[in-house]
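Take a look at the structure below.
The values are calculated or read from the model by the stated rules, or taken from the named source; none is laboratory data. Not measured: the values here are computed from a predicted model. FYI the Cβ positions are ideal-geometry reconstructions off the backbone, even for glycines, and counts take in every protein chain you see. Keep in mind that these areas ignore ligands, DNA and RNA; they rest on the heavy atoms of the full protein, side chains included. Shrake-Rupley method; radii C 1.70, N 1.55, O 1.52, S 1.80 Å.
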Amino acid sequence: WARFNSVEKQLEEHASFVVGEVLFLALACLAVYHAFRADESEARRLKLCLFASLLAGTANDYIFMVLPVVDNFFQAQAVIMLTPRMPLYIPCVYIAFMYWSSVASARIFCYNRASPLAEASLAGMLAGILYAPYDLCGARFLWWTWHDSDPAIQERWLGVPAGSTAWTITFTFCFVWLLRTAALKQMSKLQSLARACLSTPLMIVVLNVFTVLGGDSIGRPGCGTVLASLIAFGLIVLRELLRPRSEYLAPESDAKQLRAHFQEPLSARIGLVTYFVTVACVMAVFSPEKQISTGVHQTFGPCDATDIDLMGYQRNRFICKERFPGWYFGFDCPSNSRAEGRWERVSAPATREETITWYTVCGQPHEDFQTWMGATVALTSLGAVLFTLSFLTTAPPLEAKIAGQAGKRKQLTQLGKRIQSVLDPLIVPLAEKHWNVAVTLLTVLFVGLTFLGGALLSVVYPGGNPGTYLQKPYDLMKQLPFANKPYFMFLAAGMADFLVVALYLSLDFWRPPFVQKMIQQKRAAGNWDHGFVRTVKQACQCFIFSASCLVYQEIRSGPSLYTKPWMPTCLDSCEIELPELAPSLTEFVIHFAACLVIFDFSYWYIHWQMHRHRMLYKKIHSIHHEYKEPFVTVGSHVHPVEFNLVFILAMAAPAACGAHPFTAVVF
């Protein structure tokens, strides 16, 4: 196994799985954004729910992997793996279905103190709706494989074990109830997290209660278990919703005010709907027979060996060619003699006595595509409607919202305060008296930090990995004029900026009706009396320094901004020979993201200092704020010092990361 796997090769063998990974990573990132952007009244609750879902969910997976004769699922090898059996995206799956169902149920009940049981019940049912279409696609497209005869997952519908659905509903119910009651008891964060980790043992108890109520055998949950849990939780929720308004609301609260106060951002609603649409598209677009999964599966071995599980039921110890679920995977996969290492396809043993845990399986065609597609569409449609309705709230008038925010000043985060405490002793003494020295120090300091960050990244991710997906655009880039010149990176950025500016200038000059409706300044078409010529003159002053750098690079054939591992570092008399191969998609994304983060952090701090200190603002940054009614060229209307500072930081970031020339130019 490998901790990091090639995105290109994964797309060739298991494309649907890449979509699933990205989808849940995005949902988890959205949850982080949602929790950390919340106002103070609910920030603690949401952050606690976020971290608790990550902790309790990941612990649950590890518990069932480690316990003997209990593990009955085997995750496919993803792009990023934490262990041979744990992809990075799995903790994100727990965040997705536990966090968002918790938030949605809390919105319905407006955090009413009297209804933690109803809130947890609704969260369990919503989690089941969110998880079910993922469960439907997962086994069908080999995102994981199930044990062939484990009693807990024996009863299935369209490949989904009833036990899996019942587990999702009851596990989320227990998680939300434990957290909700911890909040009512005003427990500390550590106590609440410890309480959330009891979700798994409590879930086992609750699940067995519903197993008995549903008429199934303990340890063998079936459709009766799922039905019993849905009826019980549904009745609890319905009873709470039908209570009189005076009982339902906390005495000092009003429903509309509460729902307006806890209004969901549009990004949350769009994110959840996008999730359901994407899962439906996966079922519609991808073919199961084209999915190939090489990795850890149920141990292959003799057919007659058996085990006794913790509940005393018998199950097969091994899977074998004479007995396996042939409706969704097979062992006779096409060979690939060129593949090596992680991607080498491993066939099941020819002899019955040999055992193996790492081998290749391939998907099988749909037996009844209409049924699978219909079930997926029904589940995703229901989920999209329910979550959208949960998040729909009565928003306060815009004027009231603005009035409520007036006079409020955003406070620094803890990270911002730490950065301030480290760097202020260097900058503050110089900023007022010697502003030019302060700017020079800031530039040198952050160029140094940029290269330090690049060096740290190179240790974690060395780079230099070629790929095929970006080869065509890279070949087109190499054919452009001056592509082999040391200043091509800046030239390409300047041309891209010019084209965008020209587009907006043409719209401003022509001013069609749809533009006139959207524009803030109701001036006549082509009227640039607000200072267009002045902004162009200011831009020309800024380019004097940059142009002199380009002339120097042309005369001296250097320095080159491309560095190792793709090209040798060269400062003078450079012969630019661009690499033949493009970077891998993974390397491109990592280096591009690193450049964005490093550059944006550096400019954020310098920009912040220019607003904090009177002399820095007066001497440098005030030019940028001269125009109160901006047009397109105002964006680059800055002091030459600020322009060149940004220029230096932007050029340093890809050089520090050792980015491929294609990555550097795109950045």
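In segment 218-271, counting only helices (runs of 4 or more DSSP H) that sit wholly within it, the ones holding 1 or more residues that are modelled with pLDDT of 75 or more and within 30 Å of Asp150 (Cβ to Cβ) span 223-241.
I need the full set of residues from segment 1-13 which are touching a residue at least 24 places away in the same chain (Cβ under 8 Å) and farther than 14 Å from Val285 by Cβ, in order please. Steps first, answer last, please.
Taking segment 1-13 as the starting set, the residues that turn out to be touching a residue at least 24 places away in the same chain (Cβ under 8 Å) are 1-11, 13.
Trp1, Ala2, Arg3, Phe4, Asn5, Ser6, Val7, Glu8, Lys9, Gln10, Glu13, listed by residue number.
Look through segment 627-638, keep the residues that are surrounded by fewer than 19 Cβ atoms within 10 Å (Cβ to Cβ) and touching a residue at least 40 places away in the same chain (Cβ under 8 Å), and return whichever of them is nearest to Asp424 (Cα to Cα). Before you say what the answer is, go through the steps one by one.
Filtering segment 627-638 down to residues surrounded by fewer than 19 Cβ atoms within 10 Å (Cβ to Cβ) leaves 627-630, 632, 635-636.
Narrowing the set further to residues that are touching a residue at least 40 places away in the same chain (Cβ under 8 Å) leaves 627, 629, 632, 636.
Details: Tyr627: 30, Glu629: 34, Val632: 34, Ser636: 28 Å.
Among residues in segment 627-638 that are surrounded by fewer than 19 Cβ atoms within 10 Å (Cβ to Cβ) and touching a residue at least 40 places away in the same chain (Cβ under 8 Å), the one nearest to Asp424 (Cα to Cα) is Ser636.
Here Asp148 clears all of (1) at pLDDT below 90; (2) surrounded by fewer than 22 Cβ atoms within 10 Å (Cβ to Cβ); (3) out of contact with any strand residue (DSSP E or B) (no Cβ under 7 Å at 6 or more places or on another chain) except the condition numbered (3). Scanning segment 133-177 for residues that are among the hydroxyl-bearing types (Ser, Thr, Tyr) and touching a residue at least 40 places away in the same chain (Cβ under 8 Å) yields Tyr134, Thr145, Ser149, Thr165, Thr168, Thr170, Thr172.
Among the listed residues Gly407, Gly448, identify the single one that is of a type in the set (Gly, Ala, Ser), modelled with pLDDT of 75 or more and either open to solvent by 50 Å² or more (accessible area, probe 1.4 Å) or out of contact with any helix residue (DSSP H, G or I) (no Cβ under 7 Å at 6 or more places or on another chain) (or both).
Values: Gly407 fails: modelled with pLDDT of 75 or more.
Residue meeting the stated conditions: Gly448.
Looking at segment 32-81 only, could you name the residues that are touching a residue at least 12 places away in the same chain (Cβ under 8 Å), under 30 Å from Gln298 (Cα atoms), open to solvent by 30 Å² or more (accessible area, probe 1.4 Å) and hydrophobic (A, V, I, L, M, F, W, C)? Those that are touching a residue at least 12 places away in the same chain (Cβ under 8 Å), under 30 Å from Gln298 (Cα atoms), open to solvent by 30 Å² or more (accessible area, probe 1.4 Å) and hydrophobic (A, V, I, L, M, F, W, C): Leu54, Leu55, Ala59, Ile63, Leu67, Val69, Ile80. All conditions but one from (1) within 22 Å of His639 (Cα to Cα); (2) modelled with pLDDT under 75 apply to Asp497; the one that does not is (2). Sub-7 Å Cβ pairs linking a first residue in segment 485-508 that is among the acidic types (Asp, Glu) to a second residue that is modelled with pLDDT of 85 or more, at least 6 apart or interchain, number zero. Got at least one residue in segment 521-541 being modelled with pLDDT of 90 or more, surrounded by fewer than 15 Cβ atoms within 10 Å (Cβ to Cβ) and more than 19 Å from Gly635 (Cβ to Cβ)? No, segment 521-541 contains no residue that is modelled with pLDDT of 90 or more, surrounded by fewer than 15 Cβ atoms within 10 Å (Cβ to Cβ) and more than 19 Å from Gly635 (Cβ to Cβ).
Take the residues in segment 624-660 that are in a helix (DSSP H, G or I) and out of contact with any helix residue (DSSP H, G or I) (no Cβ under 8 Å at 6 or more places or on another chain); name whichever of them is nearest to Met518 (Cα to Cα). Before the answer, list the steps.
Going through segment 624-660, the residues in a helix (DSSP H, G or I) turn out to be 624-625, 632-636, 640-657.
Checking the rest, the ones that are also out of contact with any helix residue (DSSP H, G or I) (no Cβ under 8 Å at 6 or more places or on another chain) come to 625, 635.
On the way: His625: 22, Gly635: 19 Å.
Per the stated criteria, the residue is Gly635.
So is Ser115 within 20 Å of Glu42 (Cβ to Cβ), hydroxyl-bearing (Ser, Thr, Tyr) and open to solvent by 30 Å² or more (accessible area, probe 1.4 Å) or not? No, not satisfied. Among the candidates Ala15, Ala2, single out the residue that is of a type in the set (Gly, Ala, Ser), open to solvent by 10 Å² or more (accessible area, probe 1.4 Å), closer than 20 Å to Ser293 by Cα and touching a Lys or Arg at 6+ places or on another chain (Cβ under 7 Å). Just one listed residue meets the conditions, Ala2. Of the candidates Ala28, Ala76, the single residue that is at pLDDT 90 or above, in contact with a His (Cβ under 7 Å, 6 or more places away or on another chain) and over 18 Å from Ala106 (Cβ atoms) is Ala76.
Look through segment 595-620, keep the residues that are open to solvent by 20 Å² or more (accessible area, probe 1.4 Å) and hydrophobic (A, V, I, L, M, F, W, C), and return whichever of them is nearest to Gln471 (Cα to Cα).
Residues of segment 595-620 that are open to solvent by 20 Å² or more (accessible area, probe 1.4 Å), as a first pass: 596-601, 603-604, 607-608, 611-612, 614-615, 617-619.
Imposing the further condition that a residue be hydrophobic (A, V, I, L, M, F, W, C) reduces the set to 596-599, 601, 604, 608, 615.
Values: Leu596: 22, Val597: 25, Ile598: 26, Phe599: 26, Phe601: 31, Trp604: 34, Trp608: 40, Met615: 49 Å.
Checking each candidate, the answer is Leu596.
Does segment 183-193 contain any residue that is in contact (Cβ under 8 Å) with a residue 24 or more places away in the chain, open to solvent by less than 10 Å² (accessible area, probe 1.4 Å) and more than 23 Å from Ala132 (Cβ to Cβ)? Within segment 183-193 (the criterion being in contact (Cβ under 8 Å) with a residue 24 or more places away in the chain, open to solvent by less than 10 Å² (accessible area, probe 1.4 Å) and more than 23 Å from Ala132 (Cβ to Cβ)), the answer is yes, since at least one residue qualifies. In the condition set (1) under 27 Å from Gly219 (Cβ atoms); (2) touching a Ser or Thr at 6+ places or on another chain (Cβ under 6 Å); (3) assigned to a helix (DSSP H, G or I), Phe74 is compliant with all but (3). Taking Glu626, is it modelled with pLDDT of 80 or more, among the acidic types (Asp, Glu) and farther than 18 Å from Met489 by Cα? Answer is yes for this residue.
Would it be correct to say that Lys417 is assigned to a loop (DSSP other than H, G, I, E, B) and either touching a Pro at 6+ places or on another chain (Cβ under 8 Å) or at negative phi (or both)? Talk me through it step by step, then tell me what you get.
Details: assigned to a loop (DSSP other than H, G, I, E, B): no; either touching a Pro at 6+ places or on another chain (Cβ under 8 Å) or at negative phi (or both): yes.
So Lys417 does not fit the description; no.
Please specify each residue of segment 555-594 satisfying the condition of being under 30 Å from Thr468 (Cβ atoms), of a type in the set (Gly, Ala, Ser) and over 29 Å from the mean Cα position of the chain (by Cα). I'd like the intermediate steps shown before the answer.
Applying the first criterion (under 30 Å from Thr468 (Cβ atoms)) to segment 555-594 yields 560-570, 574-594.
Filter again for of a type in the set (Gly, Ala, Ser), leaving 560, 582, 584, 593-594.
Result: Ser560, single match.
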